[in-house]
Amino acid sequence: MEKLKSSLAWLVEAAPTEVDLADPDLQDQMQQLADRVIAGGLVANDAFEKNAADFPLGAQVVCKLAQSKALMAKLPDDFHVSVVFAVYKEGRRLKTRLEDPLGEDFLRQKAAQLDWLFSTHAGLPTGDPKASHRW
């Protein structure tokens, strides 16, 4: 258990202290950290989730991202997921922050998140049509 905590100490230092899910740069940073967690084989450790619960919020989000992507790798090959985004009265969230103070650039953010989760499965580059999991 202590060995795992020391293995994840870098994550607590590297993860953002505040989480703004509408910030694309922050999303990229957390996804890169999640990829490092997966590459280090830390997600496979049984105590991983228990230890992550004690981390600051940014590190917890990174751990959840890593767990989600690791679960994708265990799913059967070759499937497609259709996604429907309900955007009724969400005009402000669809805009960027430059266009509206409450803008989240929602659709582009979700598409980028799904690309990371699905298309980069098994190390394939984002948007690779050969990926076995598609959305």
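Please determine, by comparing only the residues of the range 71-92 that are surrounded by 13 or more Cβ atoms within 10 Å (Cβ to Cβ) and over 20 Å from the mean Cα position of the chain (by Cα), which one is farthest from residue 23 (Cα to Cα).
This residue is 90.
So if I check each of 45, 51, which one is modelled with pLDDT under 80, assigned by TED's automatic domain parsing to the domain that holds residue 30 and farther than 21 Å from residue 17 by Cβ?
Working: 51 fails: farther than 21 Å from residue 17 by Cβ.
The unique qualifying residue is 45.
Which is buried (at least 16 other Cβ atoms within 10 Å of the Cβ), of a type in the set (S, T, N, Q) and not assigned by TED's automatic domain parsing to the domain that holds residue 112, of 67, 32?
Selected residue: 67, the only one of 67, 32 that is buried (at least 16 other Cβ atoms within 10 Å of the Cβ), of a type in the set (S, T, N, Q) and not assigned by TED's automatic domain parsing to the domain that holds residue 112.
Name the single residue that is surrounded by the most Cβ atoms within 10 Å (Cβ to Cβ) among those in the range 52-64 being not in a helix (DSSP H, G or I) and not charged (D, E, K, R).
Of the residues in the range 52-64, the ones not in a helix (DSSP H, G or I) are 53-56.
Subsequent filtering for residues that are not charged (D, E, K, R) retains 53, 55-56.
Details: 53: 8, 55: 17, 56: 14.
Among those residues, the one meeting the criterion is 55.
If we keep just the residues of the range 14-39 that are acidic (Asp, Glu) and modelled with pLDDT under 90, which is nearest to residue 110 (Cα to Cα)?
We begin by selecting, within the range 14-39, every residue acidic (Asp, Glu); these are 18, 20, 23, 25, 28, 35.
Now restrict to residues that are modelled with pLDDT under 90: 18, 20, 23.
Working: 18: 20, 20: 14, 23: 12 Å.
Filtering first and then ranking leaves 23.
Of the conditions (1) exposed (fewer than 15 other Cβ atoms within 10 Å of the Cβ); (2) in a loop (DSSP other than H, G, I, E, B); (3) touching a helix residue (DSSP H, G or I) at 6+ places or on another chain (Cβ under 7 Å), residue 98 satisfies every one except a single condition; which number is it?
The failed condition is (3).
Taking residue 109 as the residue in question, decide whether it is outside the structural domain of residue 134 (by TED's automatic domain parsing), modelled with pLDDT of 85 or more, surrounded by 13 or more Cβ atoms within 10 Å (Cβ to Cβ) and among the polar types (S, T, N, Q). Even if it seems obvious, please write down each step before you answer.
Values: outside the structural domain of residue 134 (by TED's automatic domain parsing): no; modelled with pLDDT of 85 or more: yes; surrounded by 13 or more Cβ atoms within 10 Å (Cβ to Cβ): yes; among the polar types (S, T, N, Q): yes.
Answer is no for this residue.
Just need a number here: residues in the range 35-51 that are loosely packed, with under 15 Cβ neighbours inside 10 Å and not in a helix (DSSP H, G or I).
Qualifying residue count, the range 35-51: 4.
The values are calculated or read from the model by the stated rules, or taken from the named source; none is laboratory data. Here the structure is a predicted model, which is why all the values come from computation and not from measurement. Heads up, the Cβs are rebuilt from the backbone with ideal geometry, glycines too, and the neighbour counts pull from every protein chain shown.
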